Amino acid sequence: MKKNMIRLGSLLTAIVFCSSSWACTGDSTRHEGGDAATAVTPDANNAGLKLPAGFGALKIIDNIGRPRHIVVNSKGEVYIKEFRLKDGKGIYLLRDTNGDGKVDTKVGFGNYNGTGIVIKNGYLYASSDEEVFRYKLDANENVIDTAHPEKIITGLKKGRQHETKSIVLDDAGNIYVNIGAYSNSCQEVDRGKGSKGIMPCPILDSAGGIWRFKADKLNQTYGDGTRYATGLRNVVGLDWNTQANQLFVMQHGRDGLFQMFPEYYNEKQSAELPAECLYALKEGDNAGWPYIYYDQQQKKKMLAPEYGGDGKKSVDDKYIDPVYAFPGHLAPNGLLFYTGNMFPEKYRNGAFIAFHGSWNRAPEPQKGFFVAFVPFKNGKPSGEWEIFADNFAGKEDIASPGQAEHRPCGLAQGPDGSLYVTDDTKGAVYRIVYKK
């Protein structure tokens, strides 16, 4: 490993492995792509995770509420967004001050629930279920005034389901916000057996898609933004792909095909369908919800039963195709394109996806509860997906998500190239690293 001593910007920013046993026996050594070097050791048994050969993991903190999305600043300090307030705070800054890789200092601020959190161009952006705020950062990417954020977006639609607002920014001064559909499939009676779909679906005027706003304009509402893409039931994981210069999103597919239309679907079909879809979006795209769903087994866009489908009727090219399709009901809550140098070359520019785990695959076993990886080349998928980090649930046979010990949700990349994963069940934050 090439040695190159540099100034220590923060004690959390990099990881060194000095032997195959993960125990440091010499001086700190810089990882290519990192800012500094600090010796840390993965937890015994990699904090319970199953990882590819050469990787290790540690929990940097536990019991920190229900952290959803996560971001790591250039100094290696971690910001998490809480799904529910933790001790009255909705955002936490996590620091490691002694260099052992574990958080020993935490600072909470913000009095709102939410999911989204991003650092871009000198600001920390964070979302509630109805608004988006930003905080000015200092030169060390610490928030200058935690008590007085700027409100840049307000009045977003919030229903009784899919209410979280995930966010991402491009490189042209825009912020993209998911506004989930407050419905399963836009039926006259939501989730009602045999209930027909409303045509046209009125939800799509203010939800069921991605809206674009200016990242630096205060108090924007729907009239100030643009409906960038529509026909997306709910997007929790999303990221900006810098190779393609394009927005990518993971959609949560609809539920209950057998429960609502048993004349067309059996229980196994309902457990496996529809796909959880990765979409590459352009302005004006329509992914087709609620009128269609994507069947990954037939590799076709299918007419939804609420709108005259029977599991056999496919549709034309009016709606966009996914660029990748996963098995149904895995609940993709995090998406990250990896641009670091710590991991082997096969991971460069590929997509990591945090699957939160299903609740509605019965009587089939529930699935998910892992971080998957899809290789990319030139901004497009270039190979088959694989499970990268597994065993968050702590057991293989899961009958209901309440049995899972941990459920992965948010993903972030550290300045040294390590991968961070949140667990919004018991409040763990994992850091996954690679021994060069």
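Structure notes:
- Residue tally, condition closer than 30 Å to TYR228 by Cβ, more than 16 Å from the chain's Cα centre (by Cα) and of a type outside the set (A, V, I, L, M), over region 243-271: 6
- For PHE392, the conditions (1) surrounded by fewer than 18 Cβ atoms within 10 Å (Cβ to Cβ); (2) at pLDDT 95 or above; (3) closer than 27 Å to VAL78 by Cβ are fulfilled apart from (1).
- Residue list for region 60-95, filter: part of a strand (DSSP E or B), out of contact with any His (no Cβ under 7 Å at 6 or more places or on another chain) and not hydrophobic (A, V, I, L, M, F, W, C): PRO67, ARG68, HIS69, TYR79, GLU82, ARG84, LYS86, LYS89, GLY90, TYR92, ARG95
- Here THR115 clears all of (1) β-branched (Val, Ile, Thr); (2) over 21 Å from the mean Cα position of the chain (by Cα); (3) crowded, with 24+ Cβ neighbours inside 10 Å except the condition numbered (2).
- Taken together, the residues in region 96-120 that are closer than 21 Å to ASN178 by Cβ and either in a strand (DSSP E or B) or at pLDDT below 95 (or both) amount to 4.
- Residue pairs whose Cβ atoms lie under 6 Å apart, separated by 6 or more positions or on different chains, with the first residue in region 129-147 and polar (S, T, N, Q) and the second surrounded by 11 or more Cβ atoms within 10 Å (Cβ to Cβ), are ASN140/LYS75; THR146/PHE109.
- Residue count for region 299-319, restricted to those that are closer than 25 Å to ALA280 by Cα, free of Cβ contacts under 8 Å to residues at least 60 places away in the same chain and not acidic (Asp, Glu): 9
- Looking only at region 172-187, and only at residues there that are surrounded by 19 or more Cβ atoms within 10 Å (Cβ to Cβ) and among the aliphatic types (A, V, I, L, M), the one that is nearest to LYS120 (Cα to Cα): ILE175
- Output for region 255-281, where each listed residue is part of a loop (DSSP other than H, G, I, E, B), surrounded by fewer than 24 Cβ atoms within 10 Å (Cβ to Cβ) and either touching a Cys at 6+ places or on another chain (Cβ under 8 Å) or of a type outside the set (Gly, Ala, Ser) (or both): ASP255, PHE261, PRO262, GLU263, TYR264, TYR265, ASN266, LEU273
- Subset tally (residues that are in contact with a strand residue (DSSP E or B) (Cβ under 9 Å, 6 or more places away or on another chain) and surrounded by 14 or more Cβ atoms within 10 Å (Cβ to Cβ)) for region 188-223: 18
- Qualifying position, being out of contact with any Leu (no Cβ under 6 Å at 6 or more places or on another chain), surrounded by fewer than 21 Cβ atoms within 10 Å (Cβ to Cβ) and at pLDDT 95 or above, among LEU85, LEU58: LEU85
- Subset of region 333-379 [at positive phi and among the small types (Gly, Ala, Ser)]: GLY357, GLY368, GLY379
- Top-ranked residue of region 224-237 - restricted to ones that are outside any loop (DSSP other than H, G, I, E, B), within 22 Å of the chain's Cα centre (by Cα) and not basic (Lys, Arg), ranked as surrounded by the most Cβ atoms within 10 Å (Cβ to Cβ): VAL235
The values are calculated or read from the model by the stated rules, or taken from the named source; none is laboratory data. Bear in mind that the values here come from a model prediction, so they are computed numbers and not experimental data. FYI the Cβ positions are ideal-geometry reconstructions off the backbone, even for glycines, and counts take in every protein chain you see.
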